[in-house]
Amino acid sequence: MHIRDARLADLPQILAIYNDVIATSTAVYCDQPSTLAERQAWFEGRRVQGYPVLVAEYGEEVVGFASFGDFRGFPGFRYTVEHSVHIHRDHRGRGIGELLLLALIPRAVALDKHVMVGAVDAANAGSIRFHERLGFTQVGHMPQVGYKFGHWLDLVLLQRYLDAPDSPRD
């Protein structure tokens with residue numbers, strides 16, 4: 001297993017993983033598959049902002065990817081990022097998500113970020129436990145904010161400090 005920065009050539013494999021997640025789970029609150037053009041725009045947006053897109057590579061295959069972006073688009077949130085981690089269905093449960101998330105954290109620290117947020121479907125107990133094992137704390141539960149597969153979905157927000165709480169900035 002090798003974690004590295006994603007390349008443009010990785011986007012078809014990233015897209016396949018992402019679209020499988022959309023089609024089979026509530027990890028992403030989207031109903032329609034993404035297109036390669038949309039993933040290219042997402043990738044370019046991350047690059048322009050200086051935010052990483054990482055892939056886990058096993059042999060020649062991309063088996064997972066992770067990134068973070070702005071939590072919210074207002075200046076007061078500039079020290080907070082929200083991450084996402086997605087793993088190919090055939091490679092889940094092997095620690096790849098942990099490797100990817102642990103590789104993202106120093107990237108956020110290097111960008112002077114203070115908090116990393118994860119937004120997880122409340123029914124995904126495995127993902128919530130995964131985040132808690134990596135130092136994330138549940139800070140919010142938002143009932144019925146999403147809708148997919150014919151029912152309402154609750155969202156759990158988790159956060160992890162990347163430096164000391166209350167550390168000064170300016």
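Points worth noting:
- Point-charge dipole on Cβ atoms (K/R +1, D/E -1) for segment 115-170, about Cα centre, debye to 20: 200
- Working from label points 7 Å from Cα in the Cα-to-Cβ sense, the HIS141 to GLU98 distance is 2.6 nm.
- Heavy-atom surface analysis with a 1.4 Å probe gives segment 81-170 a carbon and sulfur content of 52 percent of its accessible area.
- The order of the peptides 32-45, 138-151, 10-23 by mean Cβ neighbours within 10 Å, most packed first, is 10-23, 32-45, 138-151.
- Helices in the chain, meaning DSSP H runs of at least 4 residues, each add -39500 (n - 2.57). Divided by all residues, the mean residue ellipticity at 222 nm is -9500 deg cm²/dmol.
- Contact order for the chain, expressed relative to its length and based on alpha carbon pairs under 8 Å spaced 6+ residues apart, stands at 19 percent.
- Cα-centre dipole for the chain with unit charges at Cβ (Lys and Arg positive, Asp and Glu negative), debye to 20: 140
- For a label point 7 Å along the Cα-to-beta-carbon line of LEU8, residues of segment 19-44 with backbone N under 17 Å: 36-44
- Label-point separation in nm, ALA164 to LEU111, each point 7 Å along Cα→Cβ: 2.5
- Average accessible surface for the chain: 54 Å² per residue, computed with a 1.4 Å probe over protein heavy atoms with every protein chain in place.
- The listed peptides 123-136, 63-76, ordered by packing as a protection proxy, come out as 63-76, 123-136 (highest mean of other Cβ atoms within 10 Å first).
- For segment 50-111: relative contact order, % (alpha-carbon pairs under 8 angstrom, 6 or more apart): 31
- Cβ-Cβ distance of GLU60 and THR35, R₀ of 25 Å, FRET efficiency by 1/(1 + (r/R0)^6): the value works out to about 0.55.
- C-alpha center-to-center spacing [segment 1-80, segment 110-161] in angstrom: 17
The values are calculated or read from the model by the stated rules, or taken from the named source; none is laboratory data. This one's a predicted model, so the numbers in the text were calculated from it and none came from an experiment. Cβ coordinates were reconstructed from backbone atoms using ideal geometry, including for glycine residues, and neighbour counts include every protein chain displayed. For the accessible areas, the whole protein counts, side chains as well, though only heavy atoms, and no ligand, DNA or RNA atoms are used. Shrake-Rupley method; radii C 1.70, N 1.55, O 1.52, S 1.80 Å.
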